[in-house]
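Remarks on the structure that follows.
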Amino acid sequence: MKAILLFWVFALSNTIVFAEDKKDLNPEPKYAYAEVLIELYKDGRHEEYLKKSSGFKHLDEKILKAVKEAQFKPITNKNIDRMYLTQPFTIELSDTEIKQN
């Protein structure tokens, strides 16, 4: 029994972890989260504002561009002149995007 225990202690103590640095051992989250505030007018026109940044400038620009190119139907309720909408975006990041930032 003592020999088996010593074998496992020796085997576990010689385990090698291959990593370039400590960041590889504890990877960062693989998702970026952003929010866009959309001001929607009665005729379907809209303006967009970045409410919460993803932390990646190029992703924020792509998100705003996508919302800017979106088309909305006109508001049919006669009592409403404009609406405010918040659209969340969760983006899965690649390893290269994480290392660039």
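Values computed for the structure shown
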read-out: Within the range 43-62: backbone nitrogen closer than 16 Å to the residue 85 label point (7 Å, Cα to C-beta); value: 43-51
read-out: Spin-label model distance (nm) - residue 31 vs residue 58, 7 Å beyond Cα toward Cβ; value: 2.3
read-out: Percent RCO, i.e. relative contact order, over the range 25-100, from Cα pairs under 8 Å lying at least 6 residues apart; value: 44
read-out: Filter on 30/51; 30/62; 42/65; 52/78; 51/78 - keep pairs with C-alpha separation over 24 Å; value: 52/78; 51/78
read-out: Per-peptide average of other Cβ atoms within 10 Å, ordering 49-62, 74-87 highest first; value: 49-62, 74-87
read-out: Cα-only radius of gyration and Dmax that characterise the range 25-100, units Å; value: 15.7, 57
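Taken together, the values in this text are just the output of simple stated rules run on the coordinates, not laboratory data. All of these numbers come straight from a predicted model, not from anything done at the bench. So basically every Cβ, Gly included, is an ideal-geometry build from the backbone, and we count neighbours across all protein chains shown.
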